[in-house]
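Q: Have a look at this one.
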Amino acid sequence: MASLRTQFEVPGKMKTWSYALMGLGLVALLYGMFTKGFSADEHEQVHFWGTLMYNSIFWTLICNASMFFISVTTLAHAGFTQTFRRIPEAISTMVPIFGSITFAVLMYIIFGHKHHIYHWLDTEAVAADPILKGKAGFLNPTFFVIWTTLTIALWSFLGWRIRKLNNEADQAPMDQTLAASFIKRGTVRTAMFTVWFGLTVGSTIPWLWMMSIDAHWYSTMYSWYTFVSSFVAGISLIALWLIYLKNKGYLELTGQEHLHDIGKFMFAFSIFWTYLWFSQYMLIWYANIPEETVYFKHRVQGPYKGIFFFNLIINFLCPLLILMKRAAKRNYTLVTFMAVLIIFGHWIDFYQMVMGSLMKEHVELGWLDFGILAFFVGTMILFVGKALSKKPLIAKYHPYLKESIIHQV
Amino acid sequence: MAKKKFVVGCFNDEAVLFPAVKKVRTAGYKIHDVYTPFAVHGLDHAIGLRETSLHTAGFIYGITGTTTALSCISWIFTKDWPLNIGGKPHFALPAWIPIMFELTVLFAAVGMVLTFCYLCQLAPFVKKHHFHPRATDDYFVMVIECTEKTNIEDLKAFLTNQGALETNFQIAEEGWWLGRYDKDEMPFENTEVVAA
């Protein structure tokens with residue numbers, strides 16, 4: 001153990017890159033804010049705030065997916081994650097940061113009465129509309145604000161408690177009773193997070209934040225779809241950090257066996273994403289009821305057609321065909337390539353979910369989207385790197401560590 | 001069917017079995033197979049089995065299923081008997097995907113089970129020689145194939161040195177043949193067990 005490099009030091013190059021990306025993003029953000037965000041033209045406003053919204057929601061959710069990954073593996077008493085568990089832990093420290101950005105953006109939309117984004121904010125329209133009136137118990141500013149605040153606060157807090165507990169595994173060897181109580185407390189804390197995660201990402205939050213843009217339309221599949229989209233991208237993000245640290249000579253105890261399992265997650269959840277994508281699409285296509293097909297009309301037959309099917313190719317066909325073989329899931333280069341592709345693919349998926357509803361007439365995927373993406377990527381790299389350097393990379397007294405070291409697929 | 005000569009060594013511990021497998025292979029003996037009461041992690045690598053191609057077969061069965069479903073259903077609904085169902089186009093791909101998926105799964109599953117049975121030589125009304133009945137209970141049974149050069153007594157002594165509790169020599173059929181276990185003799189009746 002003594003020879004292990006457990007202390008991560010943030011390389012200068014990584015810092016430079018993250019600051020460069022953040023700078024680039026800030027330029028795009030500020031330029032966009034003054035030319036579009038505060039412009040008198042509602043179309044420009046919607047473009048700017050919508051872009052900021054889907055990016056911040058996407059990054060909050062995929063960083064939160066890391067904590068969900070920790071929680072489900074802890075609940076399943078899975079040992080294999082222990083050698084690299086500090087990576088999802090570090091990524092999940094982004095939840096309060098990206099969560100605050102999301103919160104600020106959403107509150108600006110709510111209190112700025114941006115009813116071109118959330119149509120249900122327009123009280124006069126709601127009063128005249130029986131469908132929106134029926135949904136007013138759920139779609140109203142008070143509930144939105146309270147539920148959003150609670151959601152982000154509890155994600156951050158419950159996640160923080162799980163990370164804090166795992167610090168005990170750094171300090172001293174555990175005897176049988178201490179180890180048993182450590183596992184038990186971990187199970188309780190992760191169970192609490194999982195329940196809250198199910199109540200938010202698994203059901204209400206995607207309805208509130210994103211589906212309510214199309215205030216008349218609804219799909220019970222939508223939240224699951226959003227959750228899987230963020231989960232598979234979150235797993236890919238873990239894979240990228242794992243391979244990065246491995247390349248820098250850290251994580252000696254993590255190897256192809258662990259990568260294989262992460263690859264399986266990426267493969268399996270890509271398929272699951274497609275399953276939900278198709279279940280949502282086919283039922284609406286088959287029933288062919290106008291108030292349901294309104295969501296797909298401009299996506300399948302309108303300007304978003306290209307992005308819509310491109311999305312299916314990179315999020316389903318590529319993972320299916322490329323990650324199917326065992327050798328591919330154990331190959332660092334291929335997994336890196338697929339992880340980048342999957343994250344990009346699901347970012348595009350979020351793009352069409354939000355912007356496809358806000359700007360139905362034309363696709364304006366351009367400098368603003370990629371600039372704000374750069375801002376989030378840069379922030380993520382900077383803070384995850386910092387979080388990784390604060391703790392040892394391996395919790396060396398964790399009861400399951402040995403199981404993880406000898407893990408074999 | 002070819003009968004072959006085998007030397008059989010029985011172990012009762014994985015921890016003894018693994019070094020023994022290694023030693024037997026380095027000594028140049030050819031391991032026919034190792035029969036264990038449960039799946040032992042890493043034993044396939046230790047006895048030098050190649051990776052199975054069952055998954056490749058599975059992929060081929062799967063795409064056969066997809067192709068069968070797609071060609072069949074598209075021919076029926078566009079050429080053979082076009083029907084107007086709810087005003088949908090004749091070539092209604094989204095509606096067919098569940099069927100394509102089901103047939104993919106069906107072909108892959110059934111095909112892989114049959115292939116697996118064939119590779120393991122398992123089938124109804126077919127018999128295989130059992131080298132030791134306790135391989136299904138608590139013994140790890142290592143079977144070594146003899147050549148003309150193999151000195152049987154040396155090999156038995158070698159296995160005993162490696163920790164085998166029981167060794168014996170058998171001339172047995174290596175493949176499968178038609179027959180029934182419940183009608184014909186039981187596997188343990190013709191096994192000549194020689195104490196080490």
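Bear in mind these aren't lab numbers, they're just calculated from the coordinates by the rules spelled out. What you see is a predicted model, and the numbers here were worked out from it, not measured in a lab. FYI the Cβ positions are ideal-geometry reconstructions off the backbone, even for glycines, and counts take in every protein chain you see.
Q: Sum -39500 (n - 2.57) across every DSSP H segment of at least 4 residues in chain A, then divide by the residue count to get the 222 nm mean residue ellipticity, nearest 500.
A: -23000 deg cm²/dmol, from helical runs alone.
Q: Are there GluC sites (Glu not before Pro) in the stretch B:141-176 that DSSP marks as loop and that have at most 11 other Cβ atoms within 10 Å, and which are they?
A: B:GLU148
Q: Once Rh is set to the Kirkwood radius over Cα pairs, what Stokes-Einstein translational diffusion coefficient, in µm²/s, holds for the stretch A:75-175 at a temperature of 20 °C and a viscosity of 1.002 mPa s? Don't jump to the answer; show the numbers that get you there.
A: Values: Rh = 16.8 Å.
Roughly 128 µm²/s, to the nearest whole number.
Q: Turning to a different aspect of this structure: Modelling each spin label as a point 7 Å along the Cα-to-Cβ direction, I'd like the B:THR147/A:GLU168 distance in nm, to one decimal.
A: 6.0
Q: Moving to a separate point now. Can you list residues whose amide H is under 5 Å from B:LYS30's amide H, if they're 5+ apart or on another chain and H is modeled 1.01 Å from N?
A: Answer set, sorted by chain and number: B:GLU145.
Q: Something else: Regarding the protein assembly as shown, what are the three Cα extents along the principal axes, ordered largest first, in Å?
A: Dimensions of the protein assembly as shown along the principal axes of its Cα atoms: 97, 73, 40 Å.
Q: Per residue of the stretch B:102-109, what does 6.51 cos²θ - 1.76 cosθ + 1.60 with θ = phi - 60° give for ³J(HN,Hα)? Whole Hz please, x for Gly and Pro, Karplus curve as stated.
A: Working through the residues one at a time gives 4, 5, 4, 5, 4, 4, 5, 5 Hz.
Q: Further, regarding this structure: If you place +1 on the Cβ of every Lys and Arg and -1 on the Cβ of every Asp and Glu, how big does the dipole about the Cα centre of the protein assembly as shown come out, in debye to the nearest 20?
A: So the dipole magnitude of the protein assembly as shown works out to roughly 1200 debye.
Q: Same structure, new question: What shape does the stretch B:43-196 take by its C-alpha gyration tensor, where a ≥ b ≥ c are the square roots of the eigenvalues and a/c under 1.5 counts as rounded, a/b above b/c as prolate, and the rest as oblate?
A: Judged from the Cα gyration tensor, the stretch B:43-196 comes out prolate (a/c at least 1.5, a/b above b/c).
Q: In addition: Could you give the angle, 0 to 90 degrees to the nearest 10, between helix A:332-358's Cα long axis and the longest principal axis of the Cα atoms of chain A?
A: With both axes taken from Cα atoms, the answer is about 20 degrees.
Q: Per 0.36 nm of contour for each residue apart, how much would the distance between A:TYR218 and A:ASN247 grow if the chain were fully extended, relative to their Cα-Cα spacing?
A: Between A:TYR218 and A:ASN247, full extension yields an extra 5.9 nm.
Q: Per DSSP H run of n ≥ 4, the term is -39500 (n - 2.57); total these for chain B, divide by its residue number, and report the mean residue ellipticity at 222 nm rounded to 500 deg cm²/dmol.
A: Taken over chain B, the calculation gives -12500 deg cm²/dmol.
Q: Can you give the angle from 0 to 90° between the axis of helix B:152-161 and the longest principal axis of chain B, with both taken from C-alpha atoms, to the nearest 10?
A: Result, in degrees: 90.
Q: Net charge near B:ALA27: determine it from the other residues with C-beta under 14 Å of the C-beta of B:ALA27, scoring Lys and Arg +1 and Asp and Glu -1.
A: +4
Q: Right, something else. Scan around B:GLU173 for amide H atoms under 5 Å from its own, H built in the peptide plane at 1.01 Å from N, and keep only partners 5 or more places away or cross-chain.
A: The answer is B:LYS4.
Q: Treat every Asp and Glu Cβ in the stretch A:11-113 as -1 and every Lys and Arg Cβ as +1, leave all other atoms uncharged, and give the resulting dipole magnitude about the Cα centre to the nearest 20 debye.
A: Dipole size: approximately 520 debye.
Q: Same structure again: Looking at the stretch B:71-150, which trypsin sites (Lys or Arg not before Pro) are DSSP coil and have at most 16 other C-beta atoms within 10 Å of their C-beta?
A: Passing sites in the stretch B:71-150 are B:LYS149.
Q: State the volume of the convex hull built on the alpha-carbon positions of the stretch B:54-119, expressed per residue in Å³ and rounded to an integer.
A: 72
Q: Would you kindly derive the ³J(HN,Hα) couplings of the stretch B:29-38 from the backbone phi angles with the Karplus curve 6.51 cos²θ - 1.76 cosθ + 1.60 (θ = phi - 60°), listing them in order in whole Hz, with x for Gly and Pro?
A: 6, 9, 7, 6, 5, 10, 9, 10, x, 9
Q: Quick query: amide H of B:PHE140 versus all other amide H atoms, modeled in the peptide plane; which residues come in under 5 Å with a sequence gap of 5 or more or a different chain?
A: B:PHE11, B:ASN12, B:ASP13
Q: Past 22 Å, Cα to Cα, is the threshold; run A:LYS264/A:LYS390; B:LYS5/B:LYS127; A:LYS164/A:LYS391; A:LYS264/A:LYS391 against it and keep the listed order.
A: Table pairs above 22 Å Cα-Cα are A:LYS264/A:LYS390; A:LYS264/A:LYS391.
Q: For peptide B:84-96, compute the average count of partner chain beta-carbon atoms within 10 Å of each residue's beta-carbon.
A: Details: counts 0, 1, 3, 1, 3, 0, 0, 0, 2, 2, 7, 3, 0.
Mean partner-chain Cβ count within 10 Å for B:84-96: 2.
Q: Would you kindly derive the ³J(HN,Hα) couplings of the stretch B:73-85 from the backbone phi angles with the Karplus curve 6.51 cos²θ - 1.76 cosθ + 1.60 (θ = phi - 60°), listing them in order in whole Hz, with x for Gly and Pro?
A: Ordered by residue, 3J(HN,Hα) equals 5, 6, 5, 4, 7, 10, 10, 6, 8, x, 10, 8, 10 Hz.
Q: Please list the radius of gyration and Dmax for the stretch A:1-100, considering alpha-carbon atoms only, with Å as the unit.
A: Values for the stretch A:1-100 (Cα only, Rg and Dmax): 18.8, 63 Å.
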